[in-house]
Amino acid sequence: MLGLIGGSGLTQFPELKVMHEKTLTTPYGDPSAAIVIAELAGQELAFLARHGSPHVIAPHQVNYRANIWALKELGVKEIVAINAVGGICVAQDTAVISVPDQIIDYTYGREMTFCDHPEIDLLHIDFSQPYDENLRQHLIEAAETVQLPILKQAVHGVTQGPRLETAAEIQRMARDGCDIVGMTGMPEAALARELDLPFACIAIVVNKAAGLSDHPITLEDIHKVLDDGIIDIKKLLKAFCLLKSGL
Ligand code: HPA
């Protein structure tokens, strides 16, 4: 079964053929929402709304550990996560979709490991390549089958939020090599690696990052981009599921 973590703009997914919902708890607390077991293009999946349903949980308050643990417990074998992001450098244009290959983590104070639980051995996961390359390539292939232009690589900078960045912070992130900036990519990816779950991300640029546009960043503008962008994301997910299910 495929795990799908929906971010802003993908709290609900009416195109799914819902089979049932699972309300779970974990040794780390409750996941963000009930997990929807469903089918998309012949592929069984477990859909979890990262920010809850309705969207109420802030990026720094998401229980990432419970979310990843619950998906693993349900029998998920790999996870695709959707992230709305700001665009920096080449990825500046709104609605650009990328499948990032790298992460720089600027978050702090989040519960970012399972290894502080007495039942779990201390792990030092290899995180040189934070995303699963096989899964990334399948997503890229799926985008090609529906002629959806995407960036095949991007460095995903993850900030603490919930505020947006300053212009100087974005300049620093650009110098660091970040192409996109979001608030929810970590510790999600590292936790999935700790549980040995292949993990990849589809990121959609919903605004130019701070200081890169003449206009302030508004939620209203972000939602406008998301309304259209989410159609492409769903197209990509459907193509990916078709590839996976071999239909
Ligand atoms: N910065 C951080 N996170 C975001 C942004 C941004 O500009 N846009 C959407 N998520």
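The values are calculated or read from the model by the stated rules, or taken from the named source; none is laboratory data. Just so you know, these numbers come straight off a predicted model, no measurement behind them. Counting neighbours? That spans all protein chains shown, and the Cβs are built from the backbone with ideal geometry, glycine included. Protein only, heavy atoms only, side chains kept; ligands, DNA and RNA dropped before computing areas. Shrake-Rupley method; radii C 1.70, N 1.55, O 1.52, S 1.80 Å.
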Under a 5 Å amide H to amide H cut-off, with H placed in plane at 1.01 Å, what residues pair with residue 125 once short-range neighbours are removed? none
Excluding residues on the same chain fewer than 8 positions from residue 22, give the lysines whose Cα lies under 22 Å from its Cα. 72, 77
When the Karplus curve 6.51 cos²θ - 1.76 cosθ + 1.60 is applied with θ = phi - 60°, which whole-Hz ³J(HN,Hα) does each residue of the range 132-148 get, with x for Gly and Pro? 6, 5, 4, 5, 4, 5, 5, 5, 5, 4, 4, 4, 5, 5, 10, 6, 9
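Restricting to the chain, what percent of DSSP beta bridges are antiparallel, rounded to 5? Spell out each step's value before the answer.
Values: 15 of 41 bridges.
In the chain, DSSP labels about 35 percent of beta bridges as antiparallel.
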Between the alpha carbon centres of the range 109-131 and the range 169-232 the gap in Å comes to 23
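Contact order normalised by length for the chain, with contacts defined as Cα pairs under 8 Å and 6 or more residues apart; what percent is it?
Numbers: 535 pairs, mean separation 66.0, N = 247.
For the chain, the relative contact order is 27 percent.
Taking all protein chains in place and a 1.4 Å probe, what share, in percent, of the accessible surface of the chain do carbon and sulfur account for?
Values: 5850 of 11290 Å².
Carbon and sulfur: 52 percent of the exposed surface of the chain.
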Can you pull out the chymotrypsin sites (Phe, Trp or Tyr not before Pro) in the range 49-109 whose DSSP state is coil and whose Cβ has at most 12 other Cβ atoms within 10 Å? 108
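Tell me the volume per residue, in Å³, of the convex hull enclosing the alpha carbons of the chain.
On the way: hull volume 28.6 nm³, N = 247.
It comes to 116 Å³ per residue, whole-number rounded.
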Note to self: with every protein chain in place and a 1.4 Å probe, the range 2-245 gives an accessible area per residue in Å² of 45
What does the net charge come to around residue 42 if you take all other residues with beta carbon closer than 14 Å to its beta carbon, with K and R at +1 and D and E at -1? 0
